[in-house]
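The values are calculated or read from the model by the stated rules, or taken from the named source; none is laboratory data. None of the values given here were measured: they were computed from a predicted structure. So basically every Cβ, Gly included, is an ideal-geometry build from the backbone, and we count neighbours across all protein chains shown.
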Amino acid sequence: MSKENRSLGLFSRIFRRNKKIVQEQSDASVEVTLEDFKLAQVARKEGRFTHKLYSINPGFFVIESYPVYEPFAYVNIVEDPNGKLIYEVQEISLTPEEERIYREIREHLVWELKPIASLDVDVANEIRKTARRIIKEFQIRFTRTPGLSWSKIMYYVERDVIGFGIIDPVFRDRYIEDISCNGPRKPVYVWHRKYESMPTNIEFPTEEELDEYILKLAHMAGKHISVAYPILDTILPGGHRLAATFKKEVSTAGSTFTIRKFSESPITIVDMILFRTISPEIAAYFWLAMDYKMTTLILGVTGAGKTTTLNALATLLRPTYKIVTIEDTPEIRLPQDNWVQLVSRPSYVGSGVGEISLFHLVKMALRYRPDVIIVGEVRGEEAYVLFQAIATGHSGMTTLHAENIDAAVKRLTSPPMNIPPSYIPLVNIAMVIRRVQVRDEKGRLRPARRITNVWEIKGYEDYVEIARWRPLEDEFTIDLGRSIILDKISDLTGLSKESLIEEVERRKKILQWLASRKLSDYKSVALNVYSYYLDPKSMLRKIEESS
Ligand SMILES: Nc1ncnc2c1ncn2[C@@H]1O[C@H](COP(=O)(O)OP(=O)(O)OP(=O)(O)O)[C@@H](O)[C@H]1O
Ligand SMILES: [Mg+2]
């Protein structure tokens, strides 16, 4: 058995036992000495890197440089002579002696780890403890060898055994949204918040290394990928969403993977206002509409921000509502207590046996008597059940992969969703979110996300555009006077349309106040929304007094 295989055995042994391993944070525990900083600086200057990264080209221009894990890992955004941007990870390198010790420690670790006794231990911590112990023993053994940096060795042990291996620094980079690998001997690509898509200087030099890496990721998620079952869609420790293919079974160039990084703090509706993805007034309009159980459909292409918008809006739901969420991969996080999260399960044998699909779960959700059913994304027959649920008085929220309302309705009414056209008006509001380019104060183009259109659905192929984004001015227009949803709410409640518009105005004030105070974190938003529901008058008074 090769060394790598043995350590993979270790992974499957350990990670299969515990799916809830939390990804370690960058403050994780390696003691860094002044000596390390000096060493790191020298290594950076000399451009020494681990063998799997290729070094900076001297002719390239460094645009930005920042640490992701000081003093061990840094990122440089560089531009090649043709103006192409490259994302360069630089890690402090090990000396040959350190590298040898590092390999020995890993070897020992594989053999010394004991099977874990109970299911609720923090596996990563156990491994770290054992690693510490082994390193201590090694420190004693190597006291006579000068110039060894134990924290550097520890960094690599943690990175490779409990971390994400050579991609670990990218995971630590807050600016990165997506990481993808299209095969061996090809640069890994990232999607950077500021610079968008870029190749990195990381690649898997051989098919074997990439296959092993994918096995490792699968084991970390407590899932299975193999030649027999070569695709995987799951959540990694730390909440990152992974999609992967194995060997050349279904991907001609060899194994591939793509990771949607989980962000520690979910993007809230107030963040979206601060990013100008949505205007406070449009957000307030959604807040009111959802409060009266209007059904909402969020449209957009891959990675546009649909799930994020869904989550941000769902946080505004009345805390007393019973909410059931249904997803393929658990991405939604809600502050409400009265919330049941259901997640589908694939069939492991490939024949459909044991599979629990979104369809089953939506049917099942009705038993929970929910006020609101949230489906992460509709794609298939579950859409039909969801529409039936909406027809029987539940409120629904979901996302759909489509560019605009016409494309969405076409998809909904065609196989496999097969929604009858007469059901389409059960959706009350549809919106589309897009990745766009806007000019900043200095006139430079930069990527951004905007909710570009909001429609109210009157009938099949009969939509009222209630709000839109004007690209030239980068401003939103909303016309609540045209709203048929407000008319509907007015019929339901007896409140006049004017008083509903005033209510939108009040909620807009709350959101603006939160935005102006930068109270955009998940907790503050949830808390203040809750306070408003509980006692709107004193909440408004508080805002009046403090502004
Ligand atoms: N308004 C926004 N501003 C900035 N970043 C955003 C915004 N919305 C989403 N993002 C980021 O974009 C990435 C993709 O978002 P999200 O998962 O919501 O997209 P999606 O449309 O659901 O994608 P998919 O089609 O793959 O499900 C995430 O990393 C998220 O943090
Ligand atoms: Mg999504």
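Within segment 66-85, residues that are without any contact (Cβ under 8 Å) to a residue 40 or more places away in the chain have Cβ atoms under 9 Å from residues that are loosely packed, with under 14 Cβ neighbours inside 10 Å and basic (Lys, Arg) in these pairs: 71/38, counting only partners at least 6 apart in sequence or on another chain. Would you confirm whether any residue within segment 527-547 is over 30 Å from the mean Cα position of the chain (by Cα), under 30 Å from residue 422 (Cα atoms), of a type in the set (S, T, N, Q) and assigned to a loop (DSSP other than H, G, I, E, B)? Within segment 527-547, not a single residue is over 30 Å from the mean Cα position of the chain (by Cα), under 30 Å from residue 422 (Cα atoms), of a type in the set (S, T, N, Q) and assigned to a loop (DSSP other than H, G, I, E, B). Any idea which residue in segment 253-267 is farthest from the chain's Cα centre (by Cα), counting only those that are of a type in the set (Ser, Thr, Tyr) and at pLDDT below 95? Only one residue tops the list, namely 265. In segment 414-424, the count of residues that are surrounded by 17 or more Cβ atoms within 10 Å (Cβ to Cβ) and touching a residue at least 40 places away in the same chain (Cβ under 8 Å) is zero.
With respect to the conditions (1) over 20 Å from residue 313 (Cβ atoms); (2) among the basic types (Lys, Arg); (3) modelled with pLDDT of 95 or more, residue 446 falls short on a single one, namely (3).
Scanning segment 248-257 for residues that are surrounded by fewer than 17 Cβ atoms within 10 Å (Cβ to Cβ) and not aliphatic (A, V, I, L, M) yields a count of 3.
Pull out all pairs, ordered by first then second residue, where Cβ-Cβ is under 6 Å, the residues are six or more apart or on different chains, the first lies in segment 128-151 and is in the same structural domain as residue 92 (by TED's automatic domain parsing), and the second is in a loop (DSSP other than H, G, I, E, B) and β-branched (Val, Ile, Thr). The qualifying pairs are 151/30; 151/32. Filtered by the rule that a residue be closer than 24 Å to residue 305 by Cβ, in contact (Cβ under 8 Å) with a residue 40 or more places away in the chain and either of a type in the set (Lys, Arg) or away from ligand 2 (no atom under 16 Å from the Cβ) (or both), segment 338-383 gives 372, 373. Of all residue pairs spaced 6 or more apart or on separate chains, those with beta-carbon atoms under 6 Å, a first member in segment 234-260 that is more than 26 Å from residue 172 (Cα to Cα) and a second member that is in a strand (DSSP E or B) are 251/245. If you go through segment 276-302 and pick out every residue that is modelled with pLDDT of 95 or more and assigned to a loop (DSSP other than H, G, I, E, B), you end up with 9. Scanning segment 293-323 for residues that are within 16 Å of ligand 1 (Cβ to nearest atom) and farther than 22 Å from residue 406 by Cα gives 308, 311, 312, 313, 314, 315, 316.
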